[in-house]
Amino acid sequence: MRIAVFDAKDYDIQSFSACGEKYGIEFKFYETKLNEDTVNLANGFDGVCVFVNDDVNAAVIDKLYAAGIRVIALRCAGYNNVALEHCFGKIHVFHVPAYSPYAVAEHTMALLLTSVRRIHKAYNRTKEFNFSLSGLTGFDLHGKTVGVIGTGKIGCIFMDICKGFGMEVIAYDKFPRKDANINYVSIDELFGRSDIISLHCPLTEDTFHIINSDTVSKLKKGVIVLNTSRGALIDSEALLDGIKRRQIGAACLDVYEEEADVFFQDFSGHIVEDDILARLISMPNVIVTSHQAFLTDEALNNIAETTAQNLLAFFDDKMCANELCYRCGNVEECKKKRSARCF
Ligand code: NAI
């Protein structure tokens, strides 16, 4: 079994090589992302393994299919970068639904605490033996209201962490959980009441730019916006404008709308072309990490292990719960529910 791994970083190479040896899978690692220009690198392989910023559009899928590839193994949870509908009937797609929801939820709280207690500023100051406290005043999280959009695996863990801090937690989800003790409110109520808003929903047509110029005007003045989910949940220009107008008090972003061309790479010493990103980063109340929330040892091992299991299931012609298809979950005649593969 030979798999071409795109957008591979040193930490991927480490965890996937170990898994490859364990399960007899030959992984070939490419630094470049998968897109129309690089798709030919997949020729001669049995499958491809991709990450969040590989562009698996219809043209790429056609070329992969023509090259005999029948499986795409996403080594992430989100799959908005894959034209799933176009894959149907041609290429089976698998993802890793959860590798460490704790990693992402804990990173979200790390960003919030960093922002609220000005840790990023204090760190730089004391490195230069500047022990002044001027400008470092924060506020207590205890008693503040946090609004969580998306109450899935990560959102629920983040809510538990917030409760541990004595915060009041309210939530909005298009598909509320029935079994959980969650204080659901309408999205407008959440916008109006929250001191802190954290996004934990997937990127879909419904959630694209869920934070936009209209919604920014509904937010409580001085709100902190956290996004560790997907960049395009936020209209970056509206966010920047809200920060400039002091409507938004701070933003912590692990993801960014146009991250594909910059995140995961070293641009120090280069001129960043993206003016909105540069302006956001220049703000004292904006913290950006480059899609790092998942990056823990536990998560990397789980990603490699689950991806290997997905590939083994595919090549052994077995049903696998991690297979994705555009029909699953919402259409009654979905075959998967009858315990068969998607097509
Ligand atoms: P999940 O599938 O367990 O939960 C997603 C929740 O969002 C569900 O409860 C769903 O009902 C809800 N939802 C769907 N449509 C919605 C809408 N229109 N409005 C409000 N809520 C809606 O997913 P999980 O594991 O909690 O992950 C959440 C997101 O986190 C992923 O979609 C992914 O984009 C992001 N993520 C980011 C990582 C990072 O490193 N920054 C790593 C892993 C995931």
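For the reader, a short list of remarks on this structure follows.
- Test item: Cα-centred dipole of the chain, Lys/Arg +1 and Asp/Glu -1 on Cβ, debye: 980 debye
- Computed E for residue 319/residue 212 - FRET, C-beta separation, R0 41 angstrom, nearest 0.05: 0.55
- Coarse-grained scattering of segment 237-343 at q = 0.11, 0.13, 0.18, 0.22 Å⁻¹, given as base-10 log I(q)/I(0) from a Debye sum over alpha-carbon atoms: -0.63, -0.76, -0.91, -1.12
- Most simply put, the chain has about 5% antiparallel DSSP beta bridges, counting only bridges with both residues inside it.
- Hull-based mean projected area of the chain, where the convex hull spans the alpha carbons, in square nanometres: 19.0 nm²
- Other residues with beta-carbon under 14 Å from the beta-carbon of residue 99 carry, at +1 per Lys or Arg and -1 per Asp or Glu, a net charge of -3.
- Dipole of segment 202-262, positive end: most advanced residue of 211, 224, 236 [Cβ charges, Cα centre]: 224
- The local environment of residue 290, defined by Cβ-Cβ distances under 9 Å, has a net charge of -2 under the rule Lys, Arg +1 and Asp, Glu -1.
- 19 Å Cα cut-off, lysine pairs counted over segment 213-343 (separation 8 or more, or different chains): 6
- The residues neighbouring residue 299, those whose beta-carbon lies less than 15 Å from its own, together hold a net charge of -3 under the Lys/Arg +1, Asp/Glu -1 convention.
- For segment 62-107 versus segment 119-136, the spacing of their alpha-carbon centroids is 43 Å.
- Two-decimal ratio, segment 141-236, of alpha-carbon radius of gyration to 2.2 N^0.38 Å: 0.99
- Highest-fluctuation residue, 120, 200, 92 considered, GNM on the chain with Cα pairs under 10 Å: 120
- Spin-label proximity, residue 340 to segment 82-97 - amide N less than 11 Å from point 7 Å beyond Cα toward beta carbon: none
- In nm, spacing of pseudo-spin labels at residue 130 and residue 11 (7 Å Cα→C-beta vector): 3.0 nm
- Taking label points 7 Å from Cα along the Cα-to-Cβ direction, residue 140 and residue 175 give a separation of 3.9 nm.
- Peptides 193-199, 132-138 ranked from most to least packed give 193-199, 132-138, packing being the mean of other C-beta atoms within 10 angstrom over each peptide's residues.
- Per-residue ellipticity at 222 nm from helix content only, as computed over the chain with -39500 (n - 2.57) for each DSSP H run of at least four residues, stands at -9500 deg cm²/dmol.
We did not get these values from a lab; they are worked out from the coordinates using the rules stated. Because the structure is a prediction, the values reported are computed rather than measured. Please note: Cβ atoms are built from the backbone with ideal geometry, for glycine as well, and neighbour counts cover all protein chains shown.
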